[in-house]
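Notes to accompany the following structure.
The values are calculated or read from the model by the stated rules, or taken from the named source; none is laboratory data. In this text, all values refer to a predicted model and were calculated from it rather than measured experimentally. Please note: Cβ atoms are built from the backbone with ideal geometry, for glycine as well, and neighbour counts cover all protein chains shown.
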Amino acid sequence: MGPKKPNRRNFLKSGAVAAAAGAVQVTTGQTPDAGTKSLKELIAYGERSHYVTSIREPVDARPSPDQFGLTFHVTTPLQDSVGIITPSSLHFIGTHRGSIVPDIDPKQHRLLIHGMVDRPLEFTMDELKRFPSVSRVHFIECQGNHSKAEDKTVQDTHGLTSCSEWTGVLLSLLLNQVGVQKGAAWVVCEGAEEVKGAGSIRLSKAMDDCLVAYGQNGEPVRPQQGFPLRLLVPGFEGIYNTKWLRRIKVVDRYYMTYNDYGHISKDEEIAALTLQWGPKSVITFPSGGQQLPGHGTYQITGLAWSGGGAVRRVEISTDGGQTWKDAEIRGPVYPKAHTRFGMNWRWEGEECVLQSRCTDELGQVQPSRAELAKFFKVSVDYYKTHGTQGTDNTIQPWRVASDGSVHNAIV
Amino acid sequence: MRLFSNPLRCLILGAVAGFGLFRVARAQSPSYGLGTTPTPAEIHAWDISIGPEGKELPPGSGTANEGAQLFADKCTACHGATGWGGPAPMLIKPATKPQKPLPCLSPCIGPGNVMALHSPYATTIWDYIHRAMPFGQEGTLKPDEVYALTAFLLYKNGVIKQDDVLNQQTLPQVKMPNRNGYAIPDWKPGAPRPFPSER
């Protein structure tokens, strides 16, 4: 599926690309000179150790920024992640709607809510902060997050998901302020960036758990994540989580915006597997491109999440899916949030295939590609040339070779 | 009365069992008295969303011939002289398959995707050109120009005839080749997806 993967190294080597992609250090092997930063700079906004070099990378076949300077999709280095929160600096970016990160003055920013409402209202950022706030941990995952045989690392296969603590006002509260009229069924949420990206969401979801967020991980939402205001549509495909949110229009029907149009499927069964993410998990260690230094004890660890709610169970197989054992949940469990799991593991040098499987609170179970193929009555080989039907939440296998090298085992 | 947005309706609806719950819950939430009321003119100026019925379309009209000149002046630098082959997405399907694959920008539905053919409604094209193009000078096109450019792209892709006039009435009526090309998934809070099922 899609064009051939360009040489990722070349992208990273280009200084302009690295700089524009946002605080990306070029890892040439030299140690960055800490002396170039003033002590004041280092103290004012803390930086990580220069020994830590984990960075975001552009998604294959989508150079980012492109020749217009547009950011497309940039992936989170999940292989280096610990716990459940993605550092804001490493949160994935998906902005394929023609936007150079807009520079928005929060004092000038307004949110307008109008359409089929009794009292249209316009809010300043300060006014929004005078409403009761909520803070919730949620993942955001782009529809484009699917594993391909050419992908090497978990950053390639799964890097378009990230998880933050988001702080803001419930959208339902704001909709109650304006008084939604009878007959209203959808909301169209629009951003303030160049192309004013907008998406349609059912009113039932808007009234359920959506969040108009100004905070991310204890500070204002980062510009690449929508500063000063973004929508959170927990569990839904990333594109609905409108960044730089400036307008919400309450309407009576699906509006088929440009963003909507880019995400439609004709087949009802496939469409049903879009919108809300199914249960999903991936082992982040050992994962593709990593190397086990020798025999002995390791912790298999990874992340599980579901758009349907909280993770109820994660199982791990070390024999290619023949037998499964329950993994431990190692950290907090929030609905529609990354959940850390792990398991003690002894490796004696045997070749093996590792994989994880998530079950969520609704009883939904993460499928294998073979199960998905069976459901859609195609052969597994179908996925060599096509993406999976709907959003890809299939099981990710990693093959550990007898020399300890780890490889993507998706075929 | 600040606390209840409309106490009378709240009472009436409260009495209508089985229907009232949702609305009562909404009507009863307190008003915080925050925010300002925009004027109708302010709302009108902000509201660039054009729905499939075209209710929000402004007066104006345009034809493919008018659009051809505008396209040459304002769009070809990025979208290519023929509407394809430039650095920005292909807007006109080439008669023969191009040698090298065309840039797959967004929405990257697949190589060879053209909005005029894939979009279920012509209003989506009008809306997008109006809100987002020409990239870098968004919002500079007048309604007549947007009608003309939309007509040009639809004509060049074989969707409408050369002398068809697009306006508030005719644009939403355009029979798009992919009109039935989408399904909207059902969604309810707490509902699982149809697959996979419980083991």
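Of note:
- For the range B:145-193, residues that are part of a loop (DSSP other than H, G, I, E, B) and either surrounded by fewer than 15 Cβ atoms within 10 Å (Cβ to Cβ) or more than 12 Å from chain A (Cβ to nearest Cβ) (or both) total 22.
- Counted residues, the range A:205-243 - those being surrounded by fewer than 20 Cβ atoms within 10 Å (Cβ to Cβ) and in contact with a Pro (Cβ under 6 Å, 6 or more places away or on another chain): 2
- Every residue from the range A:299-331 that is acidic (Asp, Glu) and within 20 Å of A:Pro397 (Cβ to Cβ): A:Glu315, A:Asp319, A:Asp326
Here is a yes/no grid of residues against (1) surrounded by fewer than 19 Cβ atoms within 10 Å (Cβ to Cβ); (2) at pLDDT below 95:
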residue: B:Thr96; (1), (2): yes, yes
residue: B:Tyr128; (1), (2): no, no
residue: B:Thr140; (1), (2): yes, no
residue: B:Pro143; (1), (2): yes, no
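- Checking each residue in the range A:245-265 for being in contact with a strand residue (DSSP E or B) (Cβ under 9 Å, 6 or more places away or on another chain) and modelled with pLDDT under 90 picks out only A:His263.
- Considering the range A:191-244, the qualifying strands (runs of 3 or more DSSP E), each wholly inside and each with 1 or more residues that are under 19 Å from the mean Cα position of the chain (by Cα), within 14 Å of chain B (Cβ to nearest Cβ) and small (Gly, Ala, Ser), run over A:198-202.
- Looking at A:Pro335, A:Pro397, just one residue is under 25 Å from B:Trp187 (Cβ atoms) and in contact (Cβ under 8 Å) with a residue 12 or more places away in the chain, and that residue is A:Pro335.
- Among residues of the range B:30-47 that are more than 7 Å from chain A (Cβ to nearest Cβ), those with a beta-carbon under 6 Å from a residue that is of a type outside the set (Lys, Arg) and exposed (fewer than 15 other Cβ atoms within 10 Å of the Cβ) at least six positions away or on a different chain give the pairs B:Pro30/B:Leu3.
- Among the residues listed as A:Gly309, A:Gly320, the single one being in contact (Cβ under 8 Å) with a residue 40 or more places away in the chain, outside any strand (DSSP E or B), touching a Pro at 6+ places or on another chain (Cβ under 6 Å) and among the small types (Gly, Ala, Ser): A:Gly309
- Residues considered: A:Gly331, A:Gly289. Of these, the only one that is in contact with a helix residue (DSSP H, G or I) (Cβ under 9 Å, 6 or more places away or on another chain), away from chain B (no Cβ under 14 Å) and either surrounded by fewer than 22 Cβ atoms within 10 Å (Cβ to Cβ) or at positive phi (or both) is A:Gly289.
- Filter result for the condition that a residue is surrounded by fewer than 23 Cβ atoms within 10 Å (Cβ to Cβ), of a type in the set (Ser, Thr, Tyr), closer than 20 Å to A:Thr86 by Cβ and touching a Ser or Thr at 6+ places or on another chain (Cβ under 9 Å), over A:Thr153, A:Thr157: A:Thr153
- Residue in the range A:266-277 that is modelled with pLDDT of 95 or more, part of a loop (DSSP other than H, G, I, E, B) and more than 14 Å from chain B (Cβ to nearest Cβ) present: no
- When A:Ser49, A:Ser135, A:Ser38 are screened for being at pLDDT 95 or above and more than 14 Å from every other protein chain (Cβ to nearest Cβ), only A:Ser135 passes.
- Condition met for A:Glu122 (acidic (Asp, Glu) and either in the same structural domain as A:Leu372 (by TED's automatic domain parsing) or assigned to a strand (DSSP E or B) (or both)): yes
- Tallying residues that are in contact (Cβ under 8 Å) with a residue 60 or more places away in the chain, of a type in the set (Asp, Glu) and facing chain A (nearest Cβ under 9 Å) within the range B:117-144 yields 1.
- Checking the range A:114-124 against the condition returns no match, with no residue being away from every other protein chain (no Cβ under 13 Å) and of a type in the set (Val, Ile, Thr).
- The range A:353-376: number of residues that are of a type in the set (Ser, Thr, Tyr), in contact with an Asp or Glu (Cβ under 9 Å, 6 or more places away or on another chain) and surrounded by fewer than 23 Cβ atoms within 10 Å (Cβ to Cβ): 1
- Filtered residue count, the range A:173-184, keeping only those that are assigned to a loop (DSSP other than H, G, I, E, B) and either touching a strand residue (DSSP E or B) at 6+ places or on another chain (Cβ under 7 Å) or among the aromatic types (Phe, Trp, Tyr) (or both): 3
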